[in-house]
Structure formats: C-alpha cells, structure tokens
Amino acid sequence: MNIALWIIQGLAALGFVYSGWLKAFQFEKANASWGWVKDVPKAFVVFIGVAELVGAFGLILPLAMYIAPILTPIAAAGLATIVLLGALYHVARKEHREIGVNVVFFVLTVFIVIGRY
C-alpha cells in the first residue's frame with residue numbers, strides 16, 4: 001500500500017506542478033489553454049497556481065523528509081478542496097469536458113488523504 005501511495009503522490013504532484021506552473025508563471029499559456037481563465041481575474045488564477053504548487057510539494061516533501069509528515073494528508077485535503085471547487089465551477093459553466101480531470105485528481109487526492117492519515 002505504501003508503494004501505491006507513493007506512486008499516486010508522485011503522479012498527483014506532477015499534475016499539480018504542471019497545472020500550477022501554468023497558472024502562476026505562464027498566464028498567457030494558461031489563458032490560451034483553458035477557457036475559464038479569461039473569465040477570472042489574473043490574480044485569482046495566479047493564487048490558485050501558487051496554491052497548487054505549494055500543495056504539490058506538500059504531497060511529497062514532508063513525508064519524504066519525515067519532517068511533520070502529517071502535512072502530507074493536509075496538503076492532499078487542500079488540493080482535493082481546490083479540485084472539487086474547480087469541478088463545481090465547471091459544472092456551473094456547463095464545461096462538462098473539463099470535469100473529468102477534476103474527478104481524477106479529486107479521487108487521487110482523497111485516496112492520499114485516507115491512505116496517509
């Protein structure tokens with residue numbers, strides 16, 4: 001189970017680093033990639049990106065370094081919240097194609113919360 005959790009943590013972290021990096025540091029690329037970015041203030045998109053980056057590092061570093069390992073499930077819970085709120089936003093905008101990614105990352109992060117708590 002520990003190996004499966006590490007694999008899932010790594011995959012989730014990679015996904016959140018990619019997404020967070022685009023939102024936080026490559027706004028124009030994010031704007032071109034995701035339609036919803038045009039309708040949200042840039043500062044909020046950057047905030048979400050930074051939160052995803054911090055959360056991605058929180059999925060790996062605390063447990064890997066065994067410094068406050070309780071932060072790993074807390075980071076996963078925070079990321080699950082971000083993804084759930086994003087899915088609800090996509091539902092409200094009737095962007096049903098976008099919801100699948102949110103569901104996958106929600107399941108991954110909830111699995112990490114349960115497995116690491």
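Tabulated values for the structure
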| quantity | calculated |
| --- | --- |
| 3J(HN,Hα) from dihedral phi, region 77-94, Karplus parametrisation 6.51/-1.76/1.60, rounded to Hz, x for glycine, proline | 5, x, 5, 4, 5, 4, 5, 5, 5, x, 5, 5, 5, 5, 4, 4, 8, 6 |
| Sites matching chymotrypsin sites (Phe, Trp or Tyr not before Pro) across region 50-96 that sit in DSSP coil, with at most 14 neighbouring C-beta atoms within 10 Å | TYR66 |
| Net charge over other residues, Cβ less than 12 angstrom from the Cβ of LYS38 (K, R count +1; D, E count -1) | 0 |
| Read-out Rg and Dmax of the Cα atoms in Å, derived from the coordinates shown; its label in (i) 14.2, 42; (ii) 13.3, 39; (iii) 12.6, 33 | (i) |
| Built amide H within the under 5 Å cut-off of TRP34, gap 5+ | none |
| Over the chain: helical MRE at 222 nm, DSSP H runs n ≥ 4 each giving -39500 (n - 2.57), nearest 500 | -28500 deg cm²/dmol |
| Longest segment of the chain lacking trypsin sites (Lys or Arg not before Pro) that sit in a DSSP loop with at most 13 other Cβ atoms within 10 Å | 1-92 |
| Note, ³J(HN,Hα) from phi for region 102-108, Karplus 6.51, -1.76, 1.60, rounded to Hz, x at Gly and Pro | 4, 5, 4, 6, 5, 4, 4 |
| Straight-distance crosslink candidates among lysines, where the alpha carbon sits under 20 Å from LYS29 and sequence neighbours closer than 8 are dropped | LYS38, LYS42 |
| Percent carbon-and-sulfur accessible area, region 1-79, ignoring ligands, DNA and RNA, probe 1.4 Å | 76 percent |
| Accessible surface, per residue, of the chain when the full set of protein chains is kept, probe 1.4 Å, Å² | 59 Å² |
| Calculated from backbone phi, Karplus (6.51, -1.76, 1.60) coupling profile of region 45-59 in Hz, x at Gly/Pro | 5, 5, 4, 4, x, 5, 4, 5, 5, 4, x, 4, 5, x, 6 |
| The chain, dipole about Cα centre (Lys/Arg Cβ +1, Asp/Glu Cβ -1), debye to the nearest 20 | 120 debye |
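The values are calculated or read from the model by the stated rules, or taken from the named source; none is laboratory data. Being a predicted model, the structure only gives us computed values, none of them experimental. Glycine also receives a Cβ, built like all others from the backbone with ideal geometry; neighbour counts cover every protein chain displayed. Side chains are part of the model used for accessible areas, which takes the heavy atoms of the whole protein and leaves out ligands, DNA and RNA. Shrake-Rupley method; radii C 1.70, N 1.55, O 1.52, S 1.80 Å.
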